[in-house]
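Computed from the coordinates by the stated procedures, all read-outs in this text should not be read as laboratory data. These numbers come from a predicted model, not from an experiment. Heads up, the Cβs are rebuilt from the backbone with ideal geometry, glycines too, and the neighbour counts pull from every protein chain shown.
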Amino acid sequence: MLKPGGELYFADVFTGRRMPDKLKSDPILYSECLGGALYSEDFRRILREAGCLDYRVVASRRIALKNKEIGAKAGMVDFYSMTIRAFKLDDLEDICEDYGQTATYIGAIENHPHVFQLDDHHTFVTKKPMLVCGNTASMLVHTRYAPHFKVRGDCVTHFGPFNCASVSSKMSEGEASVGGSCC
């Protein structure tokens, strides 16, 4: 449905595992907007089939099931509220690859003069160059964000996979915070 360079940006409830069919159609879980939640990996596969090889999580939080009845019905299924950003671009790869590219935010997006957050692990500070993977470079060059970034480098020299984990996952693994970048 998206044109090349188009962006899908939305929030929904996802699960960390597939739900049994009986839970999907449970009237109580459905009325709480949990019954129709999609397993995040199935969502990734749907986007891939639609031509969006790399989607980005802008924000995510686990949903606490405080109601005992709902928690008992859900059992081991964990729920997350996630805000997603995905672009339809032909040159995206299925993992982040390192081509030695940098991106510099010029501070021109309305209401974001000092900082722009692309996703949960790309926070661009105005005029500060940041290492980015090839997918992120493509997202910044071939979408509505192109006028707001200077991207240097190309995809000629490949340096292997890019460590593009979110800041929160890096911190939980004991790595030092790097100011929101992917590296």
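Arrange Lys24, Lys128 by Cβ neighbour counts within 10 Å, fewest through most, would you?
Values: Lys24 16, Lys128 13.
Ranked by crowding around the Cβ, least crowded first: Lys128, Lys24.
Which ordering of Tyr145, Tyr9 is given by a fewest-first count of other beta-carbon atoms within 10 Å? Could the numbers behind the result be given before it?
Working: Tyr145 21, Tyr9 11.
Least crowded to most crowded, the residues run Tyr9, Tyr145.
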task = Could you work out how far apart the two model spin labels at Ala72 and Ile28 are, taking each label as a point 7 Å from the Cα in the direction of the beta carbon, and quote it in nm?
result = 0.7
request  = Post the alpha-carbon centroid distance, the stretch 124-140 to the stretch 1-63, in whole angstrom.
outcome  = 26
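Tell me the trypsin sites (Lys or Arg not before Pro) within the stretch 35-81 that lie in a loop according to DSSP and have at most 11 other beta-carbon atoms within 10 Å. Don't skip to the end; give the middle numbers.
Values: sites: Arg44, Arg45, Arg48, Arg56, Arg61, Arg62, Lys66, Lys68, Lys73; in loops: Lys66.
Here the trypsin sites (Lys or Arg not before Pro) that fit, given the DSSP loop and packing criteria, are Lys66.
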key: Placed amide H near Tyr39: partners under 5 Å, 5+ positions off or other chain   = Thr15, Met19
request  = Rank these for me by crowding, Val77, Val156, going from fewest to most other beta carbons within 10 Å.
outcome  = Val156, Val77
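Could you list, in their original order, any pairs among Lys24/Lys68; Lys88/Lys128; Lys3/Lys150; Lys88/Lys127 whose Cα atoms are separated by more than 20 Å? Mind showing how you got there, number by number?
Values: Lys24/Lys68 18 Å; Lys88/Lys128 27 Å; Lys3/Lys150 23 Å; Lys88/Lys127 27 Å.
Where the Cα-Cα span goes over 20 Å, the pairs concerned are Lys88/Lys128; Lys3/Lys150; Lys88/Lys127.
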ask   = Working out 0.36 nm times the residue gap between Lys127 and Asn163, then minus their Cα-Cα distance, what length gain in nm do you get to one decimal?
value = 10.7 nm
task = At 7 Å along the Cα-to-beta-carbon direction for both Arg17 and Ile46, put a label point, then send me their distance in nm to one decimal.
result = 2.1
